[in-house]
Structure formats: C-alpha cells, structure tokens
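These notes are about the structure you will find just below.
Bear in mind these aren't lab numbers, they're just calculated from the coordinates by the rules spelled out. The model shown is predicted, which means the values in this text are computed figures rather than measured ones. Positions of Cβ are backbone-derived with ideal geometry, glycine not excepted, and every protein chain shown enters the neighbour counts.
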Amino acid sequence: MNHKVITFLLAVSVLICFHSVAQAQQAKKVPRIGYLSALDPVRESAGSEAIRLALRELGYIEGQNIAFEYRYTEGKVDRVPELAGELVRLKVDIIVVSGGSRLIQAAKNATKTIPIVMTGGGGDPVELGLIESLARPGGNVTGITTLSRELAGKRLELLKEAVPKIARVAVLYDPALPASVVSLN
C-alpha cells in the first residue's frame, strides 16, 4: 500500500475511535471525512479507489456507514482557503489533506477543532509552523511527512549500502515542487 492509503486508514481509525465513543452517547451518526487535495478527481481516482477498497474490507461502505466530502483545487491555489472553509462549514469529522503545506495551513486556519491529517509532504511540518514538534504535534494537525531534506542523505547512504559498487546516481525531480528542490540541496 502506498503512504496515502496508510495515512488515510490511520485517519479513519482515529475517526472510528471517536465515533465509537460518541455512538454510545447519541443516535447513530455516519462519520464524514473531508478530503482536500491539490490535484483533480481524475488524477486522484486510483488513490481514492484504493482507499475505498481498503475501507470496504474494514466494513465501511461509502454512502452507507461512512461519507466523504471531496474538495479538489485542480491546481488553482487561490481556491485553497475557500475549499478548506467549505469542509469546515459542512462540519466534517476529520479533514485529510493531500497536497502539501499550503493546503494544510489553509485547513489549520479554517479550524482549530476538527482533526487534520496531513498525508506526507516533503517539507518539515515543524519548520513550516504546522505542528509544535514531531513527538508532540499539539493542536489539531497530525499525520505523516517524508522529511525529504532531512532524509535525502540517509536515502543515498542506504542505496550505497544496498549496492556497494554504485558509482553514480541520477535523480529525477520536478523543479516546480519546492520540496523536491530543497531535498536535493
């Protein structure tokens, strides 16, 4: 499974725990998951389907006992605050953010109470001011990060260990993504 599916399942597990406690206190409520992405639905379809299948294996079927509210920026970064605000107004139980620090910050600005799960951007969430520390994030933001800059050297070291005779390594990256540029410095 890729890291997005694992993170999403983690987010759903947290939601289910909260839901189980609340279930004893009130009528059965269908958990609502907000999903905020920098991509568009077509590019996300494979990942979304993997998440739906994994949830189905756990007994959660969209439209029956779990609901999703998808919001996609479709590359239009000026829409991020508006879309994050929509999810908050819909009173989702949790917001899963896929697409980097700008989206996470917009969700964080939109709510201080709804849990926000980041799905692994390349930037350091502490350095970016998204969380207080990796050990104790504080606030309502949690999730995973790849810490590209901090781990780039270690990844190269592990590659050299795995393939001792390696003499050259080529790296493909997207210069339009700041996190990929930072990890190469």
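Data for the structure
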read-out: Approximate spin-label separation Asn109-Glu82, in nm, with each point projected 7 Å along Cα-to-Cβ; value: 1.4 nm
read-out: Selected from Asn65, Ala54, Ile94, residue furthest toward positive end of dipole (segment 54-122; charges at beta carbon); value: Ile94
read-out: Environment charge at Ser101 (Cβ cut-off 12 Å; Lys +1, Arg +1, Asp -1, Glu -1); value: 0
read-out: Among the listed pairs Lys108/Lys160; Lys76/Lys154; Lys29/Lys108; Lys29/Lys76; Lys91/Lys154; Lys112/Lys154, those beyond 30 Å (Cα-Cα); value: Lys108/Lys160; Lys76/Lys154; Lys29/Lys76; Lys91/Lys154; Lys112/Lys154
read-out: DSSP-assigned coil residues among trypsin sites (Lys or Arg not before Pro) in segment 73-123, each with at most 16 further Cβ atoms within 10 Å; value: Lys76, Lys91, Lys112
read-out: Semi-axes of the equivalent ellipsoid for segment 62-140, Cα gyration tensor, largest first, Å; value: 21, 15, 12
read-out: Inter-site label distance for Arg32 and Tyr173 at 7 Å from Cα along Cβ, in nm; value: 4.0 nm
read-out: Relative pair counts by distance (%), Cα atoms of segment 49-100, 10 Å bins; value: 20, 46, 30, 4
